[in-house]
Amino acid sequence: MDDVTIPFPMPRACPFNPPPQYAQLRAETPVRWAELTGGATAWLVTHYEGVRRVLTDPCFSADITHPGFPSTTPELLPALRGNRSFVRMDPPEHSRYRRALIPEFTVRRIEAMRPGIQSVVDAFIDDLLAGVPPVDLVETLAVPVPSMVICQLLGVPYTDHDFFQSSTRTLVSASSSPEQAMSAMRDLHGYLDELIGRKLREPADDLLGRLIARHLEPDGELTRQDLLMTCRLLLTAGHETTANMITLGTVALLENPDQLALLRADPGLLPGAVEELLRYLSIVDYFPARVAVEDVEIEGTRIRSGDGVFALLAAANWDPAMFDAPDRLDLRRGNRRHLAFGNGVHQCLGQNLARLELEIVFRTLFERIPRLRLAVPAERLPYKDDTPVYGMTELPVTW
Ligand code: HEM
């Protein structure tokens, strides 16, 4: 495989498996030069230890303004550079935001949200059960639950969900034209700026209100633009990812009835089951892009300062050197060292929230609808792999 140019990204051949080329790359050339859609080039890292190294070694920068930062949508780079959120910054700039937000996402703070999240899940399942099957689980449960939860946390009116869900989808989808993506970004910014204006006039005790009260200039360290970018990141990252995990996780459990039976027999397996689903599905794959800021060697391959690098999380999470039989969904695996939430300073800020939402949704869904099943054969389900966040557009279920 070494002497041919590999195009990147690569599609998934089976809905749950990472692209089949990842296994071959990892075995033969775990650090490999590839040609990106849009014409640029970058290294692909497919080996668990290599991926972890890229995410933790300060020789690799997450700052999108560095020349050489890799992108599969280069036409959007100028707009993304001008509207950067902290996931695309390095310390110490990045640390300012993390410091301001960490108190909002501690295990204790998130655990306190459990009754509220349970009520949200129950209410959407009531509505779902009131419908006539088959129903689409994406529209009735998977997207609404994390959207409502992140809205309640941030203080964004849930009544505006159609608007921000569709802007987010346009923004992250590689099928959108650059004009569509820019226009979605502008609309989202306009909306959030108005919301910030409203919270400035009428102070609120929600995450956005607290950020304004404690961290906005002139007394705080964040500008209004910083706040807007942060709010966009939390709103988009907070619903799109978890929604895809809910749909794909449901399909994975229904398609592995032996595993679902284990979970039904012993609900204590649930926290480990969520970890295993996160590993197995690895819905965020090539989002962690980096650029080398020094010459560095990984797995014997020299990466030069200025080269772009993709740390492929789906490849790391299926590395047989770290996970026995990685292609098997094994809810009793016990090895929780997956990188589905990344690693290092950018490790997912919302991971405790995502875990709690997934735990509550899977438990409640399979308890309240014990006869839940797919309404169409799994091969006919529509998967979306045109974004760095893998998922499904529709999931017809019946009971
Ligand atoms: C960062 C995955 C849910 C907020 C990340 C990163 C990954 C990830 C892989 C690291 C990106 C990088 O290194 O470049 C996921 C998955 C989720 C999920 C798989 C669901 C199952 C959430 C939720 C929130 C959230 C619910 C809610 C607020 C963030 C933020 C960052 C981030 C703010 C940037 C952190 C930083 O740069 O310091 N996520 N995420 N995520 N995630 Fe999540």
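The values are calculated or read from the model by the stated rules, or taken from the named source; none is laboratory data. All figures in this text were calculated on a predicted structure; none of them were measured in a lab. Using ideal geometry, Cβ is built from the backbone for each residue, glycine included, and neighbour counts are taken over all protein chains shown. Ligands, DNA and RNA are stripped out before the accessible areas are found, and what is left, the full protein with its side chains, is counted by its heavy atoms. Shrake-Rupley method; radii C 1.70, N 1.55, O 1.52, S 1.80 Å.
Being more than 19 Å from T250 (Cα to Cα) and either touching a helix residue (DSSP H, G or I) at 6+ places or on another chain (Cβ under 8 Å) or hydroxyl-bearing (S, T, Y) (or both) narrows it down to one residue among I150, I117, I125; which is it? Don't jump to the end; show me each part of the working.
Details: I117 fails: more than 19 Å from T250 (Cα to Cα); I125 fails: more than 19 Å from T250 (Cα to Cα).
After applying the criteria, what remains is I150.
Step by step: first the residues of segment 279-289, then only those that are part of a helix (DSSP H, G or I) and open to solvent by less than 10 Å² (accessible area, probe 1.4 Å), then the one that is farthest from the ligand (Cβ to nearest atom). Which residue is that?
Applying the filter and picking the extreme gives R279.
Which pairs turn up if I take residues in segment 149-173 that are modelled with pLDDT of 90 or more and look for partners that are assigned to a helix (DSSP H, G or I) and among the hydroxyl-bearing types (S, T, Y) with beta carbon separation below 6 Å, at least 6 apart in sequence or on another chain?
So the pair list comes out as C151/Y158; H161/S147.
Name the residue, out of A325, A261, A292, A321, that is within 30 Å of I102 (Cβ to Cβ) and either touching a strand residue (DSSP E or B) at 6+ places or on another chain (Cβ under 8 Å) or aliphatic (A, V, I, L, M) (or both).
A292
Which of the residues that make up segment 121-138 are open to solvent by 40 Å² or more (accessible area, probe 1.4 Å) and free of Cβ contacts under 8 Å to residues at least 40 places away in the same chain?
A123, D126, D127, A130, V132, listed by residue number.
Would you check which residues across segment 122-161 are touching a Leu at 6+ places or on another chain (Cβ under 8 Å), among the aliphatic types (A, V, I, L, M), away from the ligand (no atom under 12 Å from the Cβ) and in a helix (DSSP H, G or I) and list them?
I125, L128, L137, V138, L141
In segment 139-152, which residue that is of a type in the set (A, V, I, L, M, F, W, C) and open to solvent by 20 Å² or more (accessible area, probe 1.4 Å) is farthest from P203 (Cα to Cα)?
Result: V143.
Would you call R98 of a type outside the set (A, V, I, L, M, F, W, C), near the ligand (Cβ under 10 Å from one of its atoms) and crowded, with 18+ Cβ neighbours inside 10 Å?
Judged against the criteria, R98 is not a match.
In segment 188-223, what residues are open to solvent by 80 Å² or more (accessible area, probe 1.4 Å) and either hydrophobic (A, V, I, L, M, F, W, C) or assigned to a helix (DSSP H, G or I) (or both)?
At the first step, the residues of segment 188-223 found to be open to solvent by 80 Å² or more (accessible area, probe 1.4 Å) are 194, 198, 201-203, 205, 213-214, 217-219.
The answer is E194, R198, R201, A213, R214.
Of all residues in segment 40-71, count the ones that are open to solvent by 20 Å² or more (accessible area, probe 1.4 Å), closer than 22 Å to Q24 by Cα and either within 14 Å of the ligand (Cβ to nearest atom) or hydroxyl-bearing (S, T, Y) (or both).
Result for segment 40-71: 3.
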